[in-house]
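The values are calculated or read from the model by the stated rules, or taken from the named source; none is laboratory data. Remember, predicted model here, so these are calculated numbers, not experimental data. Note that we place each Cβ from the backbone using ideal geometry, even for glycine, and neighbour counts take in every protein chain shown.
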């Protein structure tokens, strides 16, 4: 088990987000960016993976002690801090895909075609423009193999 595994397990066990980890490291005057943190949490096969050094893990653990216990001048109850982190994680906005919103790769939904448009020309004559027929592609329903019977 290497430093990256320990760091990952602590992050999951304490339900910490990247910005919280950056704040914890700043308690011990250790500056790190979210991108560098992301490199620590990547899979070992990923090209942007980076080994977590002893200095980073040591500073994180020291900052975690200050974050949970507080300082001599301002002590904290670790259980209350963990409860606050848990409540913050529960109320954090989660990424949900709504059925009404298209996914990233899907095309944007088209507005419904109007039945008829009435316009007036410069000479004051009125005319109606016939409605465009609905495209055939939108009428096709793809089941993708679901509901087929043998």
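Is it fair to say residue 44 is modelled with pLDDT under 90, within 20 Å of residue 2 (Cα to Cα) and in a loop (DSSP other than H, G, I, E, B)? Don't jump to the end; show me each part of the working.
Values: modelled with pLDDT under 90: yes; within 20 Å of residue 2 (Cα to Cα): yes; in a loop (DSSP other than H, G, I, E, B): yes.
In short, yes.
Do we have any residue at all in the range 62-75 that's modelled with pLDDT of 80 or more and in contact with a strand residue (DSSP E or B) (Cβ under 8 Å, 6 or more places away or on another chain)?
yes
Could you please find all residues in the range 47-64 being in a helix (DSSP H, G or I), touching a residue at least 40 places away in the same chain (Cβ under 8 Å) and crowded, with 16+ Cβ neighbours inside 10 Å?
56, 57, 60, 64
Only residues that are surrounded by fewer than 16 Cβ atoms within 10 Å (Cβ to Cβ) and in contact (Cβ under 8 Å) with a residue 24 or more places away in the chain: list them for the range 9-19, please.
Matches in the range 9-19: 10, 15, 17.
If I ask for residues that are surrounded by fewer than 16 Cβ atoms within 10 Å (Cβ to Cβ) and either more than 23 Å from the chain's Cα centre (by Cα) or not in a helix (DSSP H, G or I) (or both), which ones from the range 28-41 would you list?
Correct list: 29, 31, 33.
Please verify whether the range 83-95 includes one or more residues that are in contact with a helix residue (DSSP H, G or I) (Cβ under 6 Å, 6 or more places away or on another chain), surrounded by 11 or more Cβ atoms within 10 Å (Cβ to Cβ), modelled with pLDDT of 80 or more and not in a strand (DSSP E or B). Steps first, please.
Within the range 83-95, the subset in contact with a helix residue (DSSP H, G or I) (Cβ under 6 Å, 6 or more places away or on another chain) is none.
No, the conditions are met nowhere in the range 83-95.
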